[in-house]
Amino acid sequence: MATRLGLGDLLRAAPRAVGRYTGTLLAVFVVETILAFACMIGIAALLAQAFSHLPMWDEAVDGDLYALLSCIHYARVHFVGCAGIAFGALLLWQLASWFLVGGTLGVLARRPEGRGDTARTFGATGAATYLAYARLALCSLPGLALVSFAFTVGIALAEPRMTQALTLPQFFGPLALGTFPGFLLLHVLWTVTDYARVELTLRHESHDPGAVITYLRTIAFVIKRPVTLVHAALGWFVFALITAGYALLAHGHPMFGAEGAVALFVIRQGVALARSTIRYGVLAGQIEIGRTRALPPRRLESQNDSAKG
Amino acid sequence: MYEEAVRRFVVALFLLLAACSHDHGPPRVQHLPKVDGSPALRGGGAPRSNRIANYKIEARLDSQRHQISGSETLTWTNTGASAVDKLPFHLYLNAFKNESSIFMRSSKGAVRGARATESGWGWIQVDSLQIAGTELAPKLVFPNAPDETVAEVTLPTPVQPGEKIEVAIKFSEQLPEVFARTGYKGEFHMVGQWFPKIGVRTGPPGAEQWECQPLHVNTEFFADFGTYDVTLNVPSTEVVAATGVLIAANETAGGMRTLTYHAEDVHDFAWMADPYMRLITGQAKVEDGVVEVRVYARPEQYDFAVRHRDAAIGAIEKFSSYFMPYPWATMTVIDPPVDAAMGAGGMEYPTLVTTGPDHALMRPGIRIPEYITVHEVGHNWFQGMLASNEAQEAWLDEGVNEWADAHVMSDLYGPHTSLVDYMGWQGDVTALRGLDTEDAATLPSPIATAAYAFVDNDAYGEQTYGATMNALTTLEHTVGTTKFLAAMKAYARAFAWKHPTGRDFYATLEQQLGTDLGWFFEPVFQKVGGMHLAIRNASCIPGHKPRGVFGEGSGKKTLGEVEEPDTGAFVCEVVVQNTGVIHVPVDIELRFADGTAQRLLWDDKGQGNWERFVVERSSKLVEVRLDPDRKILIEPPVTHAMRLIGDGAASLRAAARISWWTQSLMQLVGP
């Protein structure tokens, strides 16, 4: 009978993984930083095209509300372009992340020794599971549609109370209640996707499980093992805590004591790295519990059997 | 344990929802209010106005059916020089009678975000109209049919100049579910534009015409001054607030009570009835006494009521100081219940206004609630006392009032924080309201357009409010604030208790400022085209003495770079242009690399569309700023300042922020 791991076991997996495979974490983070940096340069170029000769933009960026609104009004198309660049970066990252998550999970699952072996494992697993992850993303679309529906209905139900709210609890209370089902469902779906990826990675060579069947089996697994949800929720909680902490510290200090954008970029990458570490630690825990799952049907063998027959 | 957690969650959910609701329980009998000891006009004294239209009204509210039945006696004086053979009456509530009314057609059933409901129609019906005992109701006609917001009756005998006529009217009405100023919402009743009201005779002596416009979504009101004695018969459970002062209060049979209000030198009467309202009071100190300020709000809106009260007190004191003292004894501010705020909030009547918007996100420091109160209270000057025609020249009350509001808000809350001072963000009324206004140059209707004749409702709003405020602020900056404020004060005092027109406004300002302002008023208020100010070109070249071939014959010599080297100075050329129709003096600031600056003035008064400036300086020109002090609010200022060499640092800083949030999203969806 498989060992039943507790929350503590999952949490303890995080520092072990971060300590042993720090390079993997940093490599993934470097890719993320490069993309974020490219996004920044693209947006900066677009904004500079509109505003480099207009001093009012400097005032806007330095916190003058009137100047900011005036500039947005003046160059709406450029701001739409900025949103397009950001969306493009997001999309690109989503596509890249299938490879990066696959590689990371492969490393954490197979525990290779040495840099070369780790890099080979990373690349091989990332490439091997890429299409399976892509199919998994398609499988999650109906769930995401359900999440959208839950958010829409929840907010529609909360809206009358929110529009008539006189205090912040009256405003955020209904908002929290209205969005709670949507967030809960989203959390379940994201956790299911995480564990389905783990399963696809762990069993890729031995069982080559199909994406659809893995997704459906993982829904049952996650529901049966609430610790998976609690563990992932803790990760998101710390993620939010780091973000909120930074926002709190940065509030009222737009440049956080640094004059230039580069200094700002560096400071924020530190925050982003902390959050990446949390996500990495969560993946490590998920690998641990993923190992304890019942084995999936052996698709390769059944194909071989039918071929023999 | 799991069940316990679920139980606790359900209880918490229930408590949270309960906390969000505003259940007041069944209405209770209210204390009979004390009558006001003060006269309607502070200190009493002689009439301020000519009191042409005087009303005695008795009305009974059926708060369950939201119906009113009433009778009124109108005493009207023909102060013109020509005889009057017909009387027109506003029947405003018929705006809500059906979709054939001009109001419903022009509003498409929605005003300022509030929408008419299928079950909430409202109407007014004249049951009887008698003059000298003769019943004339059957002879009422609707000249704008199918619109029924104006009814006319031909008189059996014309009213000669100087004569008075007494008209006895009985009416019954159904209040609409409120979405445009008047009506009910639940137990709340805001009763405005509710009684048959006579039009106004305007025009030169001997050629007067009735001005009695049907109600359009953009038109508000226009009426003669007079006295109002209004007796309201309402359930004892109602808290009532009304224009004027309460002079009698008595309990009557059937759980009802009568409240009699008296108002002088006003041109309208409005009232509110609601069983759950609470009153908070304060006093505004003006130069010749105090004004009792009353704010009515439901208990859950107490915090906002305090903000509205303080804003109302400040507004009365500042408007009194800027223009003329508030003349009446009381100022009542109604803070409508949150579910009625969109429909009933933000409306002005003499001595009584409605305000809003009370909302959780209107944190202290976000001063939109205060601004609405200041604006509506301000209307007691611009329209309450200076009773301009809101249908024909809406800018004269709304826009002028907006301009004055900006001053008052600035005085009350600080020049840079008059509208927003929250979490480090700051903004003043003039700037932020200006942002809300589309570039006037793009609008096909000028400011001085009749409210019902604008190309669309957005153009009406932008020109009448923001564009007028921007224009007056620009003029103020051009002539100087002190002089302009003095001129506006003179205008207010000259036309209080009258019906000023735009022409009166222009003439008074020109007279007070001692200058012809046609170059400003004509293009700004009467024409389309706006202002298109731009820096066409700015450049610098190294300065040197003239080079080339000089002299003749043997004296001919060629001077080149060697003979006449650069002096080290720079010759800088700046070309500015204005392709719009509005031309106001423009300050130009040239900034140089050594940190020095030079100011120039382009004041062509419309004589030219461009100007070239050439200066020689020891340092290179790096930046040109048109209107560096931001005096001109007529057009957006973003392109008024230009660097000669681009600088992408700010863009990089902005991009760093945007990419940070993008990266945060990336971390949500990726590893």
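The values are calculated or read from the model by the stated rules, or taken from the named source; none is laboratory data. This one's a predicted model, so the numbers in the text were calculated from it and none came from an experiment. Backbone-built Cβ (ideal geometry, glycine too); neighbour counts: all protein chains shown.
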Review point. Within the bounds of region B:511-534, is there any residue that is under 22 Å from the mean Cα position of the chain (by Cα) and among the hydroxyl-bearing types (S, T, Y)?
Key: no
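Let me confirm something: among A:S140, A:S52, A:S97, which residue is in contact with a strand residue (DSSP E or B) (Cβ under 9 Å, 6 or more places away or on another chain) and hydroxyl-bearing (S, T, Y)? Talk me through it step by step, then tell me what you get.
Numbers: A:S140 fails: in contact with a strand residue (DSSP E or B) (Cβ under 9 Å, 6 or more places away or on another chain); A:S97 fails: in contact with a strand residue (DSSP E or B) (Cβ under 9 Å, 6 or more places away or on another chain).
That would be A:S52, the only listed residue that is in contact with a strand residue (DSSP E or B) (Cβ under 9 Å, 6 or more places away or on another chain) and hydroxyl-bearing (S, T, Y).
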Check your understanding: Pick from B:T474, B:T449, B:T482: which is crowded, with 24+ Cβ neighbours inside 10 Å, more than 14 Å from the chain's Cα centre (by Cα), away from chain A (no Cβ under 14 Å) and among the polar types (S, T, N, Q)?
Key -> B:T449
Point to revise | Breaking point among (1) more than 8 Å from chain B (Cβ to nearest Cβ); (2) of a type in the set (D, E); (3) within 32 Å of the chain's Cα centre (by Cα), for A:E59 | key: (3)
Practice item. Go through region A:167-214 residue by residue and tally those that are away from chain B (no Cβ under 14 Å), of a type in the set (V, I, T) and not in a helix (DSSP H, G or I). Key: 0
Check your understanding: Can you tell me which residues in region A:107-165 are β-branched (V, I, T), at pLDDT below 95 and closer than 19 Å to A:T191 by Cβ?
Key -> A:T129
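Kindly provide the set of residues from region B:306-315 that are touching a Pro at 6+ places or on another chain (Cβ under 9 Å) and surrounded by fewer than 24 Cβ atoms within 10 Å (Cβ to Cβ), ordered by number.
Narrowing region B:306-315 to residues touching a Pro at 6+ places or on another chain (Cβ under 9 Å): B:307-308, B:311.
Listed by number, the list holds a single entry, B:R307.
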Point to revise | Matching residues in region B:458-500 - criterion: being under 27 Å from B:D436 (Cβ atoms) and touching a strand residue (DSSP E or B) at 6+ places or on another chain (Cβ under 9 Å) | key: B:Y491, B:A492, B:P500
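Between A:G42, A:G84, A:G23, A:G19, which is assigned to a helix (DSSP H, G or I), more than 9 Å from chain B (Cβ to nearest Cβ) and modelled with pLDDT of 95 or more? If you could, list the steps in order and put the result at the bottom.
Values: A:G42 fails: more than 9 Å from chain B (Cβ to nearest Cβ); A:G23 fails: modelled with pLDDT of 95 or more; A:G19 fails: modelled with pLDDT of 95 or more.
Result of the check over A:G42, A:G84, A:G23, A:G19: A:G84.
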Practice item. Please work out if A:F79 is more than 17 Å from B:A654 (Cβ to Cβ) and more than 8 Å from chain B (Cβ to nearest Cβ). Key: no
Check your understanding: Do we find that B:K285 is assigned to a helix (DSSP H, G or I), over 30 Å from B:M256 (Cβ atoms) and at pLDDT 95 or above in this structure?
Key -> no
Check your understanding: Which of the residues that make up region B:573-614 are hydrophobic (A, V, I, L, M, F, W, C), surrounded by fewer than 15 Cβ atoms within 10 Å (Cβ to Cβ) and within 36 Å of the chain's Cα centre (by Cα)?
Key -> B:L601, B:W610
Point to revise | Search result, residues across region B:632-662 that are within 30 Å of B:E573 (Cα to Cα) and part of a helix (DSSP H, G or I) | key: B:V638, B:T639, B:H640, B:A649, B:A650, B:S651
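Which of the strands (runs of 3 or more DSSP E) contained wholly in region B:84-193 include at least 3 residues that are in contact with a helix residue (DSSP H, G or I) (Cβ under 7 Å, 6 or more places away or on another chain) and surrounded by fewer than 24 Cβ atoms within 10 Å (Cβ to Cβ)?
Details: elements: B:84-90, B:123-131, B:150-159, B:164-174, B:183-185, B:188-191.
Those strands (runs of 3 or more DSSP E) span B:123-131.
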Point to revise | Check on B:G133, modelled with pLDDT of 95 or more and farther than 30 Å from B:G461 by Cβ | key: no
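Can B:T77 be described as crowded, with 17+ Cβ neighbours inside 10 Å and over 28 Å from the mean Cα position of the chain (by Cα)? Quick ask: steps written out before the conclusion?
Details: crowded, with 17+ Cβ neighbours inside 10 Å: yes; over 28 Å from the mean Cα position of the chain (by Cα): yes.
When the stated conditions are applied, B:T77 passes them.
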Exercise for review: Among the residues of region B:314-343, write down those that are in a helix (DSSP H, G or I) and either within 13 Å of another protein chain (Cβ to nearest Cβ) or within 16 Å of B:G356 (Cα to Cα) (or both).
Suggested key: B:A315, B:A341, B:M342, B:G343
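So, B:T237, is that one in a loop (DSSP other than H, G, I, E, B) and either of a type in the set (K, R) or surrounded by fewer than 23 Cβ atoms within 10 Å (Cβ to Cβ) (or both) or not?
yes
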Check your understanding: Listed residues A:L189, A:L202, A:L177; which is in contact with a Gly (Cβ under 9 Å, 6 or more places away or on another chain) and in contact (Cβ under 8 Å) with a residue 60 or more places away in the chain?
Key -> A:L202
Check your understanding: For region B:567-625, how many residues meet the condition of being assigned to a strand (DSSP E or B), of a type in the set (S, T, N, Q) and at pLDDT 95 or above?
Key -> 1
Practice item. Filter region B:634-648 down to the residues that are at pLDDT below 90 and more than 7 Å from every other protein chain (Cβ to nearest Cβ), then identify the one that is farthest from A:L273 (Cα to Cα). Key: B:I634
